[in-house]
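> Before we start, here is the structure in question, set down as structure tokens.
The values are calculated or read from the model by the stated rules, or taken from the named source; none is laboratory data. Note that the structure is predicted; figures quoted are calculated from it, not measured. As a convention, Cβ positions derive from the backbone with ideal geometry for all residues, glycine included, and neighbour counts pool all protein chains shown. In case anyone asks, the SASA skips ligands and DNA or RNA and just uses the protein heavy atoms, side chains included. Shrake-Rupley method; radii C 1.70, N 1.55, O 1.52, S 1.80 Å.
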Amino acid sequence: MQKNKKYLLTMLTFAFVIACTFFFRKDVKAAEKTGTVTFSIERFTIGQGYLIEPCQVDIYDTDNIASVVDRVLTQEGYGYENKGKIEDSFYLEQIYNGDTGKVRIPSIISDGQLQPIKNNKGNLIPIPTNAVNDGNDYGNESGHFALGEFAYCNMSGWMYTVNNVFPTGMSLVKPKDGDIIRLQFTLYGYGRDLGEKPADEEDNNYLKLPDRDAITKRLAVMLKYKASCDEHGYKQAYQKAYNAVIDWNTTEKKMKEVFSALPSEKEILQWGAEYNAKFAESVTKTINAIGTVDLSKESQIAEARKSYNALTSEQKELISADTLKVLTDAEKKIGSLKAEKKTQDEAKKKAEAAKKKAQQEALKKKYTPSKTSIKSIKKLKKNQAKITWKKVKNATGYEVYQSMKKNSGYKKVKTITKNKTVTYKAGKLKKKKTYYFKIRTYRKAGGTTYYGNYSNVKKMKVK
């Protein structure tokens, strides 16, 4: 519906004034918790069960239904598309990854209890079946298998109930402590398949379904304390109730039967409290067993933190502030000790490196041979030359280097392994080329080779 320009201008001005008021207030307080609601997202009309199972959700004084839906979807990792804003005119168009692609429409929708509805032109809109339906054009859009309006029928989309009542827009309704909020996918009739009675009192064309609110809340509480309920032997009863709820064909008699087999909420809360106390006590003992902190306690402290982090929020509340301080103080102490040890280790490592370097320098100084010098280069026949150098007493041997440039390009052409050998015959020299030679002494000691400085450079031109 289009809004006129005057109305839009008025609303924008009002919004600006409100925004400025909040911006300049210095005493704006953080949202405060006002209670807990039961929440679920259901795809029962297409036989896909829960998208999000019944759960207990904390609510705050700033919440409306739209913000609760947004928070739960976001926390559970579901993206979505919408019109409007959370604060105003929020409409949920589709939920990404909300459709499995396998449609199993319950027989109660298409077995005659619902009658086909006429569109604006007076034509009957057929009720979808598993074999014949409109499909889901958004089912694989961008690969996210969205479920939303117009999926499998042009009268489908997301609706919600609060305590079995279908309210107006999500932005207009504020949740209250104890509410049961169920976001449901309607396949046909804009909610008639969900049990919503049309505005026309004489129109009786809607499904008469068993009440699922009370059992939904009970399942949410049981799921919250599932381990303790299982310990008391209610695992099978929970599953039967769960299966009955997601089956749109379940009769009222069957629903009452499975509901009556469940433990009372009071019992569940008591078991949950006992279960929480048991785990909290175990973690408390683990923390208090840390004792005097030293580096040997690092893994023990890490295990204590891991045990604490594994607790639920309710179980953590049972850990006293003094006990938690023991853990945090131990973590700080172990962190300090590790830092201190790291500093000591680094200093030790540095000292050892310096010592080793000094030892190496001492050995180098002790065993490095003296520098030799080339005495002469004599030309021989067949493009050969004989290089002679000075014998060095403390050398193991000599390395002969050759190049065609004075200051670069030298390659080792011979390693002399005897101290007494002080000549080398260079061969295969090219005519009309100048060759440069230099010698380096070396000495082997203790498995290490020490090298002296290079000798002077001598050249020879081949004619």
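> Ratio of alpha-carbon Rg to the 2.2 N^0.38 Å globular estimate for the chain, to two decimals, please.
This ratio for the chain stands at 1.90.
> So what is the diffusion coefficient of the range 270-327 in µm² per second by Stokes-Einstein at 37 °C and 0.692 mPa s, using a Kirkwood Rh over Cα pairs?
282
> Where does the Debye-calculated log10 I(q)/I(0) of the range 159-207 sit at q = 0.13, 0.26 Å⁻¹, using only Cα point scatterers of equal weight, no solvent?
-0.33, -1.02
> Above 21 angstrom, tally the Cα pairs of the range 100-190 and express them as a % of all pairs, no decimals. Walk me through the numbers on the way to the answer.
Numbers: 1772 of 4095 pairs.
When every Cα pair of the range 100-190 is considered, 43 percent fall beyond 21 Å.
> Taking 1 over the mean of 1/r across every pair of different Cα atoms in the range 71-120, what Kirkwood radius in Å do you get?
Value: 14.3 Å, from the Cα pair sum.
> What dipole magnitude, in Debye to the nearest 20, does the range 303-382 give about its Cα centre under +1 on Lys/Arg Cβ and -1 on Asp/Glu Cβ? Write down the numbers at each step before the final one.
Values: 24 positive and 11 negative charges, 449 e Å.
That gives a dipole near 2160 debye.
> Given the rule -39500 (n - 2.57) for each run of at least 4 DSSP H residues, summed and divided by the residues of the chain, what is its mean residue ellipticity at 222 nm, to the nearest 500 deg cm²/dmol?
-11500 deg cm²/dmol
> Mind checking the dipole of the chain: about its Cα centre, +1 per Lys or Arg Cβ, -1 per Asp or Glu Cβ, Debye to the nearest 20? Mind showing how you got there, number by number?
Working: 84 positive and 52 negative charges, 2466 e Å.
Here the size comes out at about 11840 debye.
> In square nanometres, what is the average projected area of the Cα convex hull of the range 240-399?
Result: 26.7 nm².
> Residues of the range 135-178: accessible area per residue at 1.4 Å, in Å²?
Here the per-residue accessible area is 47 Å².
> Still on this model: If I compute solvent accessible area with a 1.4 Å probe over the protein chains, what percent of it on the chain is carbon and sulfur? Provide the component values of the computation, followed by the final result.
Numbers: 14590 of 28080 Å².
Percent of accessible area from carbon and sulfur atoms in the chain: 52.
> Got the relative contact order for the range 46-109 handy, in percent, Cα pairs under 8 Å and 6 or more residues apart?
Value for the range 46-109: 40 percent.
> Averaged per residue, what accessible area in Å² does the range 286-407 show with a 1.4 Å probe, protein chains only?
Accessible area per residue: 70 Å².
> Shifting gears a bit: Over all alpha-carbon pairs in the range 124-248, figure out the percentage whose distance exceeds 22 Å. Could the numbers behind the result be given before it?
Numbers: 3940 of 7750 pairs.
Roughly 51 percent, rounded to a whole number.
> Which value, in Å², gives the accessible area per residue of the range 48-111 when a 1.4 Å probe is used on the protein heavy atoms?
Each residue of the range 48-111 exposes 46 Å² on average to a 1.4 Å probe.
> Sticking with this structure for a sec: I need to check one value: relative contact order of the chain, counting alpha carbon pairs closer than 8 Å and at least 6 residues apart, in percent.
With pairs under 8 Å counted, the relative contact order is 10 percent.
> Loop only per DSSP, at most 16 neighbouring Cβ atoms within 10 Å: give me the GluC sites (Glu not before Pro) in the range 175-248, ordered by residue number.
Those that pass, being in a loop and sparsely packed, are GLU201, GLU202.
> Give me the one-decimal nm value for the distance between modelled label points at LYS432 and THR415, 7 Å along each residue's Cα-to-Cβ direction.
3.7
> Enter the mean projected area of the convex hull around the alpha-carbon atoms of the range 242-286, in nm², rounded to one decimal. Working shown, then result.
Details: hull surface 16.6 nm².
So the mean shadow area of the Cα hull is 4.1 nm².
> Starting from 0 in steps of 5 Å, tell me what percent of the Cα-Cα pairs of the range 184-295 lands in each bin.
Whole-percent P(r) values from 0 Å outward: 2, 10, 16, 14, 12, 10, 8, 7, 6, 4, 3, 2, 2, 1, 0, 0.
> Compute, for the range 86-143, the length of the dipole vector about the Cα centre, with Cβ point charges of +1 (Lys, Arg) and -1 (Asp, Glu) only. Units Debye, rounded to 20.
420
> Work from the charge dipole of the chain (Cβ charges, +1 for Lys and Arg, -1 for Asp and Glu, about the Cα centre) and give the residue of LEU51, ILE181, GLN115 farthest towards its positive end.
LEU51
> Note down the nm distance, to one decimal, between modelled labels 7 Å out along Cα→Cβ at SER320 and at GLU267.
Inter-label distance under the simple model: 3.4 nm.
> Another question about this same structure. Select from the range 201-258 those trypsin sites (Lys or Arg not before Pro) which occupy a DSSP coil region and have at most 11 other Cβ atoms within 10 Å, ordered by residue number.
LYS208
> How many angstrom lie between the C-alpha centres of the range 275-303 and the range 66-131?
So the separation of the two Cα centres works out to 49 Å.
> Hey, if you put +1 on the Cβ of every Lys and Arg and -1 on every Asp and Glu Cβ in the chain, which of GLN94, THR34, ASN383 ends up farthest toward the positive end of that dipole?
The listed residue farthest towards the positive side: ASN383.
> With unit charges on the beta carbon (Lys/Arg positive, Asp/Glu negative), name the residue among VAL413, TYR367, THR448 whose Cα is farthest towards the positive pole of the charge dipole of the range 340-463.
Highest projection toward the positive end goes to VAL413.
> Also, I was wondering about something else. When Rg is the radius of gyration of the Cα atoms in the range 40-91 and Rh is its Kirkwood radius, what does Rg/Rh come to?
Result: Rg/Rh = 0.99.
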